[in-house]
Amino acid sequence: MAETIILSGCSPEPLSNYLKALGVLRLIVEQKQDVTAKGCWKNDYFTLITNISTKHLVDFFLQEYKPTPLVAPWNGSTGFYPKDNKKTIESIINSRTERLADYRETITIAQVQVDKLKLVVQPKEKDDKKKLVTRLRNNLPEKAVKWLDTCTLINTEDLKFPPLTGTGGNDGNFEFSRTLMQQLQELIDFQTGEPKENANLLLQASLFNSTVPGLSFTGKIGQFNPIAAGGANAAPGYDADSRVNPWDYILMLEGIMLFTSSATRRYEQSQSSDFAYPFTVRPSNVGYGS
């Protein structure tokens, strides 16, 4: 019998919470916990309609969840180049848990493609980025291609970046894939695959909006939840540190991969194809600049 699970930590706003709800639903279905699961927002909470119990849901994320392997060697400081900080990416390569098997394979293949192009720093020009992204899309496992299709689009003339993921999976100096690896390391022991000490409390806060006093968690979340980024007016007083639950960030990026881009072209037009992206419109100027 289907059970209704109210995820009070997954509200329609801010955007990070909306995407987090989609991430929960996507992972339950794609990782075969319940392929018939459905969800909707009701009274500003995401309601999961599923054949699994609340305990099963929590145990799945703590013990079995396999992260979608996100890599972005076209961005800077991602660990694929000689001068990059390789600490995080090497911790995944040297991991032993089956939960990160897809990640290890993806990183290894991506590094081979970077080396074949003889890149020693991130490609700066769009043509060079396009060559790298094309090679990655042709060689990476299908699970990793989901991310490429979310944050890049290759058409006949150019490399396009859908707006939801910034400029190819980064928001200024905030690089999404590297941050995901760091946040995973906060929750999962990369050698054993077991959840770390605070992983359950943080998951309860993320999914069910429970209070976790005394736990300090920082990080970046960028445009998806500006109030969590800290800074001026973020708390009583003058400013505050960022407060980003690692599960919020991880599940947000898992949900964002439901928004893949595609190439379109109007019938019988000679111009090259452009990209289409869900819930996105191209703005046009009206009126006067004055």
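The values are calculated or read from the model by the stated rules, or taken from the named source; none is laboratory data. Note that the structure is predicted; figures quoted are calculated from it, not measured. So basically every Cβ, Gly included, is an ideal-geometry build from the backbone, and we count neighbours across all protein chains shown. Heavy atoms of the whole protein, side chains included, go into the accessibility calculation; ligands, DNA and RNA do not. Shrake-Rupley method; radii C 1.70, N 1.55, O 1.52, S 1.80 Å.
Observations on the model:
- Meets criteria (in contact with a helix residue (DSSP H, G or I) (Cβ under 6 Å, 6 or more places away or on another chain), over 23 Å from Glu254 (Cβ atoms), outside any helix (DSSP H, G or I) and of a type outside the set (A, V, I, L, M, F, W, C)) for Pro123: yes
- The set of residues in segment 92-128 that are of a type in the set (A, V, I, L, M, F, W, C) and surrounded by fewer than 15 Cβ atoms within 10 Å (Cβ to Cβ) comprises Ala101, Val112, Leu117, Val120, Val121.
- Checked against (1) more than 21 Å from the chain's Cα centre (by Cα); (2) buried (at least 18 other Cβ atoms within 10 Å of the Cβ), Thr4 passes all but a single condition, namely (2).
- Among residues of segment 132-158 being at pLDDT 90 or above and not in a helix (DSSP H, G or I), the one that is surrounded by the most Cβ atoms within 10 Å (Cβ to Cβ) is Thr152.
Here's the yes/no breakdown for (1) touching an Asp or Glu at 6+ places or on another chain (Cβ under 9 Å); (2) part of a loop (DSSP other than H, G, I, E, B):
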position: Cys10; (1), (2): no, yes
position: Asn17; (1), (2): yes, no
position: Ala21; (1), (2): no, no
position: Trp41; (1), (2): no, no
position: Phe46; (1), (2): no, no
position: Val58; (1), (2): no, no
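- The set of residues in segment 65-100 that are under 18 Å from the mean Cα position of the chain (by Cα) and either among the acidic types (Asp, Glu) or part of a helix (DSSP H, G or I) (or both) comprises Thr88, Ile89, Ile92, Arg99, Leu100.
- Restricting attention to segment 188-215, the residues being under 15 Å from Leu251 (Cα atoms), open to solvent by 10 Å² or more (accessible area, probe 1.4 Å) and outside any helix (DSSP H, G or I) number 1.
- Gly230, sole failed condition from (1) surrounded by fewer than 15 Cβ atoms within 10 Å (Cβ to Cβ); (2) at pLDDT below 95; (3) farther than 25 Å from Leu258 by Cα: (1)
- Of the residues making up segment 19-72, those that are crowded, with 17+ Cβ neighbours inside 10 Å and among the small types (Gly, Ala, Ser) are Ala21, Gly23, Ala37, Gly39, Ala72.
- Hey, Ile6 of a type in the set (Val, Ile, Thr) and either touching a Ser or Thr at 6+ places or on another chain (Cβ under 9 Å) or part of a loop (DSSP other than H, G, I, E, B) (or both) or not: yes
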